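Heads up, the thing below is written out as structure tokens.
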Amino acid sequence: MGKKAKKASGIAKASMRKLDKASLPPPPVPVEEELGSAKILDQPTIKGDGFKVLDTEGYDDGGVADLSLLIDLEDNVQRRKRGENEYFRALQADLLPRAVKGPMGQMSRREQKVSLAQLLFSEADDSEDKGPSEVYVEQVDGGEDQATMNQRAKRLQAAKAALRMSLMLREAACASLSLSELCKRKLTFSGKQGAEEALRCADKALEIAGPGFWDGDDVAIEAEDNPVQDPKFEKNATTPGLANPSVLKLLPLRVSQLCQRSALLQRGNALAAMGNEEEAIKSYESVFPLVENEPRCARIDWERHSLFVNIGNSHSRNGDYEAANAQYTLAEKLGQDHIDGGNVKDGKGMIVCAKRARAFALKRAGKIDEAKKLLKEVLDQQMADAAEEEKKKAEEAAAAEKAAIESK
């Protein structure tokens, strides 16, 4: 036991260190009750039917709760690990992992996590991969203009910055997602030439998300400008993965599954870029069990749709049009379900994407006339949808203007 303070200054310091338990927020819910976005809402958070869940009552939250699980803004894992008293003492004494130097040094741990979320998940309006589809398309042909390459380089650096921040904050889920994003953005920046590096990132993302162990130093290499492994480097995998039994006492299995879903899809894309179509198909197919029990909402069905189209494209590149067409039909069916179920915009988008992929598969199969006919259908549909969207916006603007006039 230490000595009790006698002077007024010492008593004041001691009182500042003492926790007022009445002021503490409620403890985290039990791990098994953290369901993320798997929990269906009674009412939509945003007006409209875009978040309606098919085949049942309720609405999807757009992935907001999953994002909260992955970023862990409330530090639920740290609180469970340390205990409430120890956690809040460490928070009060600024002993929790965070950046203490540089431009972010004045930001709290929570504020730094918000910045990390923005690095990982925010999309600029001019971003090439803006949108829900994760269909792999070769984007590097040597004819890109400098502005496009600068934008791609900027997004690649943002993913590396996110990985560095994730490791510094000791947020394993964010590190896994950062590696998946690095895989995706390396393919966009370097194309087939960067496929091996992209695959390495996806494999490391899966290590973090899995039941085994991973090495932070091995992961940190991917955040460097020239990520070359020292031949003398000895891997020391001692950090438990997100699906490790010791970690599952602190956070739900869903976190691991969300990271695996992202990593496996991007891994399939990297394998496809390398021309290893059979392994790519296996990687894509391994995602389906992870989304089997997810709600039938547009957000998740876009993920399923991307998998079907990617598998179809791999079959097409392998010269098997029939197998490819079967996958495009499944992807189209998802879109039709949403058109019939009320989410018309996403449904139309899925159908157009599947038809476009089928058209290119027809071309590869030598069925040129059929490919041209289908591509014309796609273009006509896109023009009609764009005109309908413009008309809708004009009607909404006119209605808003009329309401503003009437309110004066």
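Throughout, read-outs are computed from the coordinates displayed, never taken from laboratory work. All figures in this text were calculated on a predicted structure; none of them were measured in a lab. Neighbour counts are summed over all protein chains in view; Cβ atoms, including those assigned to glycine, are modelled from backbone coordinates with ideal geometry.
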**Asked** Ranked by Cβ crowding within 10 angstrom, fewest neighbours first, how are I405, I221 ordered?
**Response** I405, I221
**Fill in**
In deg cm²/dmol, rounded to the nearest 500, the helical mean residue ellipticity at 222 nm of the chain, built from -39500 (n - 2.57) for every DSSP H run of length 4 or more, is -20000 deg cm²/dmol
**Asked** Taking 0.36 nm per intervening residue step and subtracting the Cα-Cα distance, what contour gain separates L290 from D385 on full extension?
**Response** 30.9 nm
**Prompt:** How far, in degrees from 0 to 90, does helix 172-190 lean away from the longest principal axis of the Cα atoms of the chain, to the nearest 10?
**Reply:** 40 degrees
**Item:** Of the GluC sites (Glu not before Pro) in segment 273-351, those whose Cβ has at most 15 other Cβ within 10 Å and which sit in DSSP loop
**Value:** E292
**Request:** For segment 297-408, restrict the atom set to alpha-carbon positions and state the Rg and Dmax in Å.
**Result:** 18.1, 66
**Request:** Compare the peptides 227-236, 194-203, 83-92 by average per-residue count of other Cβ atoms within 10 angstrom and give them in order, highest first.
**Result:** 194-203, 83-92, 227-236
**Complete:** Fraction of alpha-carbon pairs in the chain farther than 35 Å apart, rounded to whole percent, equals 37 percent
**Prompt:** If r is the Cβ-Cβ distance from K363 to A147 and R0 is 41 Å, what FRET efficiency results, to the nearest 0.05?
**Reply:** 0.90
**Request:** Could you pull out the chymotrypsin sites (Phe, Trp or Tyr not before Pro) across segment 290-331 that fall in loop regions by DSSP (anything but H, G, I, E, B) with no more than 16 other Cβ atoms inside 10 Å?
**Result:** none
**All lysines inside 29 Å of K249 as judged from Cα atoms, apart from same-chain residues fewer than 8 positions distant** = K18, K21, K39, K81, K113, K204, K235
**Asked** Which translational diffusion coefficient, to the nearest whole µm²/s, is obtained for segment 73-150 from the Stokes-Einstein equation, given a Kirkwood hydrodynamic radius over C-alpha pairs, 10 °C and 1.306 mPa s?
**Response** 98 µm²/s
**Asked** Past the 22 Å Cα-Cα mark, which pairs from K184/K373; K348/K392; K184/K232; K345/K392?
**Response** K184/K373; K184/K232
**Item:** Residue-wise HN-Hα coupling along segment 134-145, computed from phi with Karplus coefficients 6.51, -1.76, 1.60 (Hz; x: Gly, Pro)
**Value:** 10, 6, 6, 9, 5, 10, 10, 10, x, x, 6, 7
**Item:** Amide proton proximity set for F213, modelled H, under 5 Å, gap of 5+
**Value:** G241
**Item:** Volume of the Cα convex hull of segment 170-312, divided per residue and given in Å³
**Value:** 117 Å³
**Item:** Unpartnered cysteines - no second Cys beta carbon under 4.7 Å - across the chain
**Value:** C174, C259, C297, C353
**Message:** If you fit an axis through the alpha-carbon atoms of helix 344-364 and take the longest principal axis of the Cα set of the chain, what angle between them do you get, 0 to 90°, nearest 10?
**Reply:** 60 degrees
**Taking I40, I311, I46, I300 and counting other C-beta atoms within 10 Å, the order from fewest to most** = I46, I40, I300, I311
**Request:** Can you spot the aspartates and glutamates whose alpha carbon is less than 17 Å from K367's alpha carbon? Ignore those fewer than 8 places along the same chain.
**Result:** D320, E322, E377
**Request:** Using a Förster distance of 35 angstrom, determine the FRET efficiency expected from the C-beta separation of T329 and K392, and round it to 0.05.
**Result:** 0.75
**Request:** Measure nothing but the geometry: give the 0 to 90° angle between the long axis through the Cα atoms of 146-169 and the longest principal axis through the Cα atoms of the chain, rounded to 10°.
**Result:** 30 degrees
**Request:** In whole angstrom, note down how far apart the Cα centers of segment 307-374 and segment 224-280 are.
**Result:** 29 Å
